[in-house]
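Trainee: Below is one structure. I have some questions about it.
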Amino acid sequence: MGRHLRLPSGTKLIVARNQGEVNFLKGFRNRYNYAYRKDGKGTFALIKGNPPEEELQLIADIIARYSKNEPAKVGIHLNGKEIELIGNPPSDEFLEQFKIYAKKEVGHGR
């Protein structure tokens, strides 16, 4: 479910890939911190952990990247408070370092 990214602090970000995942992940807003594009035209992400202040811009940038890949006003909801930042999409090459990939099982073909 979603794209999984591990930030430098160890905080995990789960970013929805489509509207169905957005709806599903929003169901966990009462359990986790979260981030979203303020105008409602983009993705939604759960934040598992408490990112340090220096990672908040990175979170906003990731939301912008996966929300139409354009600069966007992003709301980050942390511990009952909301922070608003302008996210600027980073390159896919830059984001590669944070992506968590599922391990693929090796088949035993004949």
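Trainee: Mind checking the log10 I(q)/I(0) for the chain at q = 0.21 Å⁻¹? Debye, one equal scatterer per Cα, no solvent, two decimals.
Mentor: Log10 I(q)/I(0), no solvent term: -1.12.
Trainee: As a check on your grasp of the helix formula, calculate [θ] at 222 nm for the chain: sum -39500 (n - 2.57) over DSSP H runs of n ≥ 4, divide by the residue count, round to the nearest 500. Before the final figure, lay out the partial values.
Mentor: Details: 3 runs with 22 residues, N = 110.
That calculation yields -5000 deg cm²/dmol at 222 nm.
Trainee: Ok, one more. Counting other Cβ atoms within 10 Å, which chymotrypsin sites (Phe, Trp or Tyr not before Pro) in the range 1-101 have at most 14 and lie in a DSSP loop?
Mentor: Details: sites: Phe24, Phe28, Tyr32, Tyr34, Tyr36, Phe44, Tyr66, Phe94, Phe98, Tyr101; in loops: Phe28, Tyr32, Tyr66, Tyr101.
Those satisfying the criteria are Phe28, Tyr101.
Trainee: OK, next. Tell me, what HN-Hα J-couplings in whole Hz come from the Karplus equation 6.51 cos²θ - 1.76 cosθ + 1.60 at θ = phi - 60° for each residue of the range 87-92, using x for Gly and Pro?
Mentor: Calculated HN-Hα couplings, in order: x, 10, x, x, 6, 4 Hz.
Trainee: I would also like to ask the following. What's the tally of Lys pairs in the chain whose alpha-carbon atoms lie under 15 angstrom apart, where the two lysines are 8 or more places apart or on different chains?
Mentor: 11
Rule-based calculations on the coordinates, nothing more; no lab input. Predicted model only: the values in this text are computed from it and were never measured. Quick reminder, even Gly has a Cβ in these numbers, built from the backbone with ideal geometry, and neighbours come from all protein chains shown.
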